[in-house]
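What follows draws every value from the coordinates through simple rules; no lab data is involved. Nothing here was measured: the structure is a model prediction, and the numbers come from that model. Backbone-built Cβ (ideal geometry, glycine too); neighbour counts: all protein chains shown.
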Amino acid sequence: MSKIRILSDSLASQVAAGEVVERPAAVIRELVENSLDAGAKHVTVEVQRGGTALIRITDDGCGMDREDAMLCMERHATSKIRTKEDLAAIRTFGFRGEALPSIASVSRFRLATRERDALSGTEIEIMGGKLSAVKDHGGNHGTVIEVRSLFFNVPARRKFLRTEATEYSHIEQQFRMHAIANAQTAFTLIRDGAVMFHLPATTDMLERIRGLVGEELVSRLIRVPEVAHLGIDVSGYIGGPGLSRSNRQQQITFLNGRPIESASINYGLKEGFHNALMKGQYPVTFLFLEMEAQAFDINVHPAKKEVRFHDGFAVREAVARAVKHALETGSKLPTGHVPRGPVILPTTTQAELVIPGSPSVSRPFLPERNVEPQKIGPSLSPLPERVEARRLPVPVGERLATESVRADEAPPPMPETVEEPPLKKAMPHFRIIGVLHKLYVLMESTEGLVLMDQHAAHERVNFEKMRKAMEQGGVPSQRLLMPLTLQTSPRDADVLMRNLEALARLGIEAEPFGPNTFKVEALPTFLKTDDPLAWLDQVIEELQSLSSKSSALRLGEDMIATTVCRHSVKANDRLSMPEIQALLEDLFACEMPYCCPHGRPTLIQMSINELERKFGRQAP
């Protein structure tokens, strides 16, 4: 007896449904994509009991005649592709023709559709994959699809559904992504009879995002100007410094209007945000990529959530460039625009600080106990000597040569040829008020109260100066008394071979020493680790995540960030007024002044409106 059998049509449809329809949100994804492909200008999504009792999608698209309405319920029936060339250049959301028959096979299904100029339309009812009725329909033009009792005939699948609240959260997330990607289409979401979202059509993408996530989040977003790189256009909005999440739920990316997930895009975001994001946090993004359909393959995942790029490195590079450019040019204080101008220091005996052009209101400086005037030592240099705690880390093990820098020595000075970077951000008008707990510098702006973390600010200044020195002259290295032998996999060996020159600029001197083996003769001078081989494994892992066109010198920035943390002013270090001024000026000369190298904010602002609400002067 033969062991191989051909599945029946009904069972094959249920198997297909298992791949395409894993939960109610997947049904909404497929049906809304069909509505958008039909040219709908308004889409209404209605759900009951988390989508398990009812899902109803209503659109005003082109509709179908009776013949097409019957054919669309057949497996692999589609109007989107005709030839294999069409499959290689898909420009629509749906194309396989699996969604409707798969959904109908596991639900009580109803389709009602009418073309715009037709006198009547068609209504089809299907019960668990079996056609039960076909009749005329006299409703509005467009299409209405009802999916009731999802998985009623597949109890094994239904029992794996989560609670109604959880399933609805997935539905809302899916709704948000489609609504953001298609701002020119009006969307409505109804849950158990209550309207949750009603979004009119708009040409302003930020207005659509505001309608979905609220004004508070939108006010902290940074616009990503459209950037073209290797045929890839990147635009959208990203969260500024200090705005992040513990998961990727708000890391939303689109490719040609389709919500997708992509490791290449994730790597690009990681690279672009690498020193503007706290460890373990994920950025908030609404990022749009546009590229030729032939440059990627969407037909690699049953639910079409993932794509495969022909040149994933180019995608990483394009995303990283766009994000980094936006962070360097668009970062701002949370409450918005601050008038530009220099910081003014006290010139009178009362230590009064006045904003130029402001009314001549004299406000004395806080008592001297908050800020201790002292003789100014060296200006805020990359590695100041004024604070005793700032020392170099212990060198790597006892293998280091005797000429290496000792732990109790002063840090190596920066090359004298390094010039001060030009001002990237115009200096806001700030009136310094005082210092809170010998850490937070309090300042007044025209918008409200500004607080600066002196440690985080000094970290950013030192980081960018040391990074520039590394880019210009490389990282100083120290030779090992006994070379290390690093054994790798063939893939890791290939990565190392392609990056030996870049590693040398990072202070890592290595050379091939047999099959998949390397001899490491020198490491960076300021590296502090008890297990250099494990650290080198992390370097290789980081190299694999970088695009081939990216500068591998970025790997050295993690070492720099750790080093400057130890060599920057601390919470209890008292700064004189000239030093605070110098720190502010150096901070706003940085490319990214609003966060430290670890992603923590350097400056935050509380607006006058927020302060008045806290003191009861305004209604909450």
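Can you list residues from other chains, or at least 5 along the same chain, whose modelled amide H is less than 5 Å from the amide H of Val43?
Amide H to amide H, under 5 Å and 5 or more residues apart or across chains, Val43 pairs with Ala186, Phe187, Thr188.
Pick out, in residue order, every one of the GluC sites (Glu not before Pro) in the range 1-91 that is DSSP loop and has at most 14 other C-beta atoms within 10 Å; say none if there are none.
Hits after loop and neighbour filter: Glu74.
Given an 8 Å cut-off on Cα distances and at least 6 residues of separation, report the relative contact order of the range 1-138 as a percent. Provide the component values of the computation, followed by the final result.
On the way: 212 pairs, mean separation 29.9, N = 138.
Contact order relative to length: 22 percent.
Give me a comma-separated list of calculated 3J(HN,Hα) values for the range 23-38, in order, Karplus coefficients 6.51, -1.76, 1.60 applied at θ = phi - 60°, integers in Hz, x for any Gly or Pro.
Result, rounded to whole Hz: 7, x, 4, 5, 4, 5, 4, 5, 6, 5, 4, 4, 5, 5, 5, 7.
For the range 222-233, in order, what is each residue's ³J(HN,Hα) by Karplus, 6.51 cos²θ - 1.76 cosθ + 1.60 with θ = phi - 60°, in whole Hz (x at glycine and Pro)?
Each residue of the range 222-233 in turn: 10, 6, 9, x, 4, 10, 9, 8, 6, x, 10, 9 Hz.
Taking amide H positions as placed 1.01 Å from N in the peptide plane, with prolines and chain starts having none, which residues 5 or more places from Gln478, or on another chain, fall under 5 Å of its amide H?
Excluding prolines and chain starts, which carry no amide H, the hits are Leu523, Thr525.
If the chain between Gln294 and Met606 were fully stretched, how many nm would it gain, using 0.36 nm times the residue separation less the Cα-Cα distance?
Values: separation 312, 0.36 × 312 = 112.32 nm, distance 4.86 nm.
Extending this stretch completely gives an extra 107.5 nm.
At a Förster radius of 45 Å, what calculated FRET efficiency corresponds to the Cβ-Cβ distance of Leu217 and Arg574, to the nearest 0.05? Please report the intermediate quantities before stating the final value.
On the way: r = 37 Å, r/R0 = 0.83.
Efficiency computed from Cβ-Cβ geometry: 0.75.
Note the full-extension length gain between Glu541 and Thr562 as 0.36 nm times their separation in residues minus their Cα-Cα distance, in nm to one decimal. Could you put the intermediate results ahead of the total?
Working: separation 21, 0.36 × 21 = 7.56 nm, distance 1.87 nm.
Stretched out fully, the Glu541 to Thr562 stretch lengthens by 5.7 nm.
Which loop chymotrypsin sites (Phe, Trp or Tyr not before Pro) in the range 48-157, with loop taken from DSSP, have no more than 16 other Cβ atoms within 10 angstrom of their Cβ?
Numbers: sites: Phe93, Phe95, Phe109, Phe151, Phe152; in loops: Phe93, Phe95, Phe151, Phe152.
For chymotrypsin sites (Phe, Trp or Tyr not before Pro) across the range 48-157 that sit outside H, G, I, E and B with at most 16 neighbouring Cβ atoms in 10 Å, the list reads Phe152.
Using 18 Å as the cut-off for backbone N distance, which residues of the range 173-217 belong to the label zone defined by a point 7 Å from the Cα of Glu226 along Cα→Cβ?
Within reach of a label on Glu226, which here means backbone N under 18 Å from a point 7 Å along Cα→Cβ, the range 173-217 contributes 181-185, 202-208.
Show the residues, 5+ positions off or on another chain, whose built amide H is closer than 5 Å to the amide H of Phe430.
Ile344
log10 I(q)/I(0), Debye, Cα-only the range 219-330, no solvent, q = 0.10, 0.18, 0.22, 0.23 Å⁻¹?
-0.25, -0.83, -1.22, -1.32
Once R0 is set to 60 Å, what does the formula 1/(1 + (r/R0)^6) return for the Cβ-Cβ distance between Tyr440 and Phe513, expressed as a FRET efficiency to the nearest 0.05? It would help to have the intermediate numbers written out before the result.
Details: r = 52 Å, r/R0 = 0.86.
According to the calculation, E is roughly 0.70.
Based on the Cβ-Cβ distance from Val195 to Glu74, what FRET efficiency comes out when R0 is 30 Å, to the nearest 0.05?
Numbers: r = 35 Å, r/R0 = 1.18.
E(calc), rounded to 0.05, equals 0.25.
Return a whole-number percent for the relative contact order of the range 219-330, with Cα pairs under 8 Å and 6 or more residues apart as the contact set.
Numbers: 216 pairs, mean separation 41.1, N = 112.
Across the range 219-330, relative contact order equals 37 percent.
What shape does the range 21-146 have by the C-alpha gyration tensor, where a ≥ b ≥ c are the square roots of the eigenvalues, rounded means a/c under 1.5, and otherwise prolate means a/b greater than b/c and oblate the rest?
Working: a/c = 1.33, a/b = 1.10, b/c = 1.20.
Taking the square roots of the gyration eigenvalues as a ≥ b ≥ c, the range 21-146 is rounded.
Cross-link candidates for Lys570: which lysines have Cα within less than 22 Å, leaving aside residues fewer than 8 places away along the same chain?
Lys279, Lys375, Lys438, Lys465, Lys528
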